[in-house]
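Input: a single structure, listed below in structure tokens.
The values are calculated or read from the model by the stated rules, or taken from the named source; none is laboratory data. The structure displayed is predicted, hence computed values, not measured ones. For neighbour counting, all protein chains shown are included, and Cβ atoms are generated from backbone atoms with ideal geometry for every residue, glycine included. Surface areas here come from the heavy atoms of the whole protein model, side chains and all, with no ligands, DNA or RNA. Shrake-Rupley method; radii C 1.70, N 1.55, O 1.52, S 1.80 Å.
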Number of protein chains: 2
Amino acid sequence: MSEPDSDQPSIGILGGTGPAGSGLAARLASIGHTVVIGSRSKYKALEARDVLAERWPDIAEQLTCGDNATAARAEIVVIATPWDGAAAVAQESADHLEGKVVISMANALVRVNKEFQPLVPPRGSVAAHVQAAVPGCRLVAAFHHLPATELGHIDQPIDSDVLVCGDDPDAVRVVSAIVSRFPGCRPLDAGELSNAMAIEAFTAVLLQLNVRYKTRVAPRLTGINDPS
Amino acid sequence: MSEPDSDQPSIGILGGTGPAGSGLAARLASIGHTVVIGSRSKYKALEARDVLAERWPDIAEQLTCGDNATAARAEIVVIATPWDGAAAVAQESADHLEGKVVISMANALVRVNKEFQPLVPPRGSVAAHVQAAVPGCRLVAAFHHLPATELGHIDQPIDSDVLVCGDDPDAVRVVSAIVSRFPGCRPLDAGELSNAMAIEAFTAVLLQLNVRYKTRVAPRLTGINDPS
């Protein structure tokens, strides 16, 4: 499908063995990044890596793995753990994350009977907690609304806008440039990191719609024709 | 443009003189409802009514006005005040709202420098506060993401999905049926009233995008082809 592209930064995914992290790993490899799938257990990471490599032989060469500390050594790092572990996992690798673009994609949600409900963390968002755990990283919130399954179907485009926010405009641009190379996706600059609260919470509504309409939805914003 | 349709319920709009309430009044009249524009001041309501009637002579006959208590006597009632007055205004007219479909459309937001930020009210959403103020009404949260200006341009469709949520499924269906008659709009059932929190908060992101891209956005959800 693609060759590793030496111009593209390597990307480590902490907690990269779940559906979202694993789907993102495949998608990032498909656009030329070398990806380091990380996990608390390097054996679990190896298993996740091998599952992806077997499914998508063309990107096998770009998929590597290790424990979270190994993944945190990549040039860009994604925190893809469940939401309640995101800040702690980031803090454990804080030394490796200083000064780097770090992407928070988790949503704090709970399912009550048939309803998904957002949980508002004390700082407002999971992303804000990750930023507080590693004050020196350049935190960007992104990827919250992309359906995990569709992320991993790298032979198909994803018809979605991707809201990207953060307090470091250069870091937002770096992440937006990655998103713009996902077929079908359009990055949209959603402002400062404070907006992560609303972006994360809105995921509960999308999951609710998935249940109600037996589908997997993704957001598009009408009225923006030519984002610059 | 249209005749008053005696099959359509009358709709009162408390706080109907602002941009969103006024735009909604025109839009509802354009699909055949008789609309009662309400305000604390019946004179302010009259002014808003006359401005609309002059701009859109074809719907003048369907636009009436009065104080909020008068508007609250309509068959369906919309709370369109600024967010921090919504629960209090609903409570003032509680006697008229018992058992009725009541629509909350306000978003709790604050602008800090160039950024819009959501405020999370103590009960999670403005809608939850309105429901608590009038426990006997059938509260539905809707219309949050429709740009006020576009609502009022009744000669043009609005290209948007409209998220509708509430704890009374029949009330949600009543509101969804109204939305489905707005040209270009598609109602989507977003579940219980608890989801109003995320829907209201997400409005901050949409306003942020409006500023960033110098436009007015509205949401569409991909992946739902044939909502039923």
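Given the Cα-Cα distance of B:Asp7 and B:Thr215 and 0.36 nm per residue of separation, how much length would full extension add, in nm?
71.2 nm
Can you list the residues of region B:185-224 that have at least 50 square angstrom less accessible area with all protein chains present than in their chain by itself, probe 1.4 Å?
Listed by number, the residues meeting the 50 Å² cut-off are B:Asp189, B:Asn195, B:Met197, B:Ala198, B:Phe202, B:Val205, B:Leu209, B:Arg212, B:Tyr213, B:Leu221, B:Thr222, B:Ile224.
Starting from the Cα of B:Lys44, draw a straight line to each of the lysines and keep only those under 30 Å, dropping any in the same chain fewer than 8 residues away.
B:Lys100
Could you name the lysines in cross-link range of B:Lys114, using Cα to Cα under 17 Å and dropping any fewer than eight places away on the same chain?
B:Lys214
Relative to a virtual label point 7 Å from the Cα of A:Val51 in the Cα→beta-carbon direction, which members of region A:119-151 show backbone nitrogen distances below 20 Å?
A:146-151
Can you work out the accessible area per residue across region A:128-228, with the rest of the protein chains kept in place, probe 1.4 Å, in square angstrom?
On the way: 3430 Å² over 101 residues.
Per-residue value: 34 Å².
Contour minus end-to-end for B:Ala177 and B:Ala88, with contour as 0.36 nm per residue of separation and end-to-end as the Cα-Cα distance?
Working: separation 89, 0.36 × 89 = 32.04 nm, distance 2.78 nm.
Stretched fully, the B:Ala177-B:Ala88 segment lengthens by 29.3 nm.
Any chance you could check the Cα centroid distance between region B:83-161 and region A:164-206 for me, in angstrom?
Cα centroid to Cα centroid, the span is 26 Å.
Among A:Leu209, A:Leu24, A:Leu193, which one shows the biggest mean-square fluctuation in a GNM of chain A, springs joining Cα atoms closer than 10 Å?
A:Leu209
Rank these residues by their accessible area, most exposed first, probe 1.4 Å: B:Asp7, A:Asp167, A:Asp50.
The ranking, largest first, comes out as B:Asp7, A:Asp167, A:Asp50.
Output the antiparallel fraction of DSSP beta bridges having both residues in the protein assembly as shown, as a percent to the nearest 5.
Antiparallel bridges: around 25 percent, rounded to the nearest 5.
In whole Å, how far is the Cα centre of region B:5-63 from that of region A:1-67?
Measuring centre to centre over Cα atoms gives 57 Å.
Over the heavy atoms of B:Asp84, what accessible area does a 1.4 Å probe trace out, to the nearest 10 Å²?
110
Relative to the Cα centre, what is the charge dipole magnitude of chain A, using +1 at the beta carbon of each Lys and Arg, -1 at the beta carbon of each Asp and Glu, and rounding to the nearest 20 debye?
Taking the Cα centre of chain A as origin, the dipole is about 760 debye.
Rounded, prolate or oblate, given the Cα gyration tensor of region B:145-204, with a/c below 1.5 counting as rounded?
Judged from the Cα gyration tensor, region B:145-204 comes out oblate (a/c at least 1.5, b/c at or above a/b).
Around A:Ala148, under 14 Å between beta carbons, what's the net of Lys plus Arg minus Asp minus Glu among the other residues? Mind showing how you got there, number by number?
On the way: positive: A:Arg27, A:Arg216; negative: A:Glu150.
That works out to +1.
Mean separation of Cα pairs under 8 Å and 6+ residues apart, divided by the residue count of chain B: what relative contact order is that in percent?
On the way: 518 pairs, mean separation 40.1, N = 228.
Rounded, it is 18 percent for chain B.
Which whole DSSP H helices in chain B pass both tests: a Cα extent of 18 Å or more along the axis and a mean Kyte-Doolittle value no lower than -0.5?
For chain B, where a helix must reach 18 Å along its axis and average at least -0.5, the hits are B:196-213.
Restricting to DSSP loop positions (anything but H, G, I, E, B) with no more than 13 other Cβ atoms inside 10 Å of their own Cβ, which GluC sites (Glu not before Pro) remain in region B:1-101?
Answer in residue order: B:Glu98.
How would region A:90-228 be classified by its alpha-carbon gyration tensor: rounded, prolate or oblate, with rounded meaning a/c under 1.5 and the a/b versus b/c comparison settling the rest?
Oblate, because a/c is 1.5 or more while a/b does not exceed b/c.
Considering only chain B, what is the antiparallel percent among its DSSP beta bridges, to the nearest 5?
20
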